[in-house]
1. Quick check on Phe257: is it among the aromatic types (Phe, Trp, Tyr), within 26 Å of Ser272 (Cβ to Cβ) and open to solvent by less than 20 Å² (accessible area, probe 1.4 Å)?
2. How many residues does region 227-245 contain that are of a type outside the set (S, T, N, Q) and surrounded by fewer than 20 Cβ atoms within 10 Å (Cβ to Cβ)?
3. When region 128-153 is examined, which residues are found to be open to solvent by 80 Å² or more (accessible area, probe 1.4 Å) and touching a helix residue (DSSP H, G or I) at 6+ places or on another chain (Cβ under 7 Å)?
4. So which residues in region 212-239 are farther than 22 Å from Pro91 by Cβ and among the β-branched types (Val, Ile, Thr)?
5. Of all residues in region 94-109 being exposed (fewer than 11 other Cβ atoms within 10 Å of the Cβ) and assigned to a helix (DSSP H, G or I), which is farthest from the chain's Cα centre (by Cα)?
6. Taking Phe199 and the conditions (1) aromatic (Phe, Trp, Tyr); (2) open to solvent by 30 Å² or more (accessible area, probe 1.4 Å); (3) touching a residue at least 40 places away in the same chain (Cβ under 8 Å), which numbered condition does it fall short on, given that it satisfies the others?
7. What number of residues in region 118-127 are surrounded by fewer than 18 Cβ atoms within 10 Å (Cβ to Cβ), touching a Pro at 6+ places or on another chain (Cβ under 9 Å) and outside any helix (DSSP H, G or I)?
8. Could you give every pair whose Cβ atoms fall below 8 Å, whose first residue belongs to region 134-152 and is without any contact (Cβ under 8 Å) to a residue 40 or more places away in the chain and farther than 12 Å from Gly179 by Cα, and whose second residue is assigned to a loop (DSSP other than H, G, I, E, B) and open to solvent by 80 Å² or more (accessible area, probe 1.4 Å), counting only separations of at least 6 or pairs across chains?
Amino acid sequence: MADDLGDEWWESQPAAAGSPEPSGDEEGRDTEMMQQDTAPVPEPSQETKQPMECFLTQAKETKEETRKTKKWKKKKISEILAKSEPKPGTPGDLQQLIKDHYSGSRSVIELEELNLPDSCFLKANDLTHSLSSYLKEICPKWVKLRKTHSEKKSVLMLIMCSSAVRALELIRSLTAFKGDAKVMKLFAKHIKVREQVKFLENRVIHLGVGTPGRIKELVKQDGLNLNPLKFLVFDWNWRDQKLRRMMDIPEIRKEVFELLDMGVFSLCKSESLKLGLF
């Protein structure tokens, strides 16, 4: 800084009296010498390695950004599923789930015994039906069937779904099908088991809509007899906000298979019970 001030001071002073003024050649030489003195000095060889260090740092940041991008994509799988075309469930899907569920606890012979006959499956929903139109298709003689039903502690048709909220939606959409049939809510929300058992003991119910957990509990407490059951319909294709079907939820899937073990398999093999995938 002191050198800079000295230069400024020197440039601002008038030429000393009697001093010979520099000629043009001398002034040009002085200018060239000043330019040479002020020319940038080449950087040391050690500093030439700096760009390589910057390059390596940038590469690390790029890898971190790539990892963050992968994590972001993983969180957005639901968006990919939302854009994919829905595929309706088939009897083969249920057969495969049964095989996968029991493969670790049953022998090969026992697994073969769990294979359900094709005759026990009703036509699956092709995603063009409402619930009422689907039930009319798989059960065209519903009016006659419900008129002959008089047994208490039982139902003619069960519709299983993943939650109480979904059950209420399904019940509201049954208006065109049920007619004068008595429909009962079979889920745990705000309804105690003993109240439902008492209701089934005193009333003739034709159709039940609920969750597999509560239906299983009613069967376990002898409040619901499955023998008169003619139709078991799975709310198979509907997806919740997370795009999960009822059989995609581990807790629901476990309760479904526990219910199937409580007499449903034997009823299907005797062909007294039909299964539908809505």
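The values are calculated or read from the model by the stated rules, or taken from the named source; none is laboratory data. Predicted model, so just to flag it, every value in this text is computed and none were measured. All Cβ positions, glycine included, derive from the backbone under ideal geometry; neighbour counts span all protein chains shown. What goes into the accessible areas is simple: the full protein's heavy atoms, side chains included, and nothing from ligands, DNA or RNA. Shrake-Rupley method; radii C 1.70, N 1.55, O 1.52, S 1.80 Å.
1. Details: among the aromatic types (Phe, Trp, Tyr): yes; within 26 Å of Ser272 (Cβ to Cβ): yes; open to solvent by less than 20 Å² (accessible area, probe 1.4 Å): yes.
Criteria met by Phe257.
2. Of region 227-245, the ones of a type outside the set (S, T, N, Q) are 228-236, 238-240, 242-245.
Imposing the further condition that a residue be surrounded by fewer than 20 Cβ atoms within 10 Å (Cβ to Cβ) reduces the set to 228, 230, 238-240, 242-245.
Number of matching residues: 9.
3. Lys136, Lys152
4. Val219
5. Of everything passing the filter in region 94-109, Ile109 is farthest from the chain's Cα centre (by Cα).
6. Status for Phe199: all satisfied but (3).
7. Qualifying residue count, region 118-127: 2.
8. From residues that are without any contact (Cβ under 8 Å) to a residue 40 or more places away in the chain and farther than 12 Å from Gly179 by Cα, the pairs are Glu137/Lys123.
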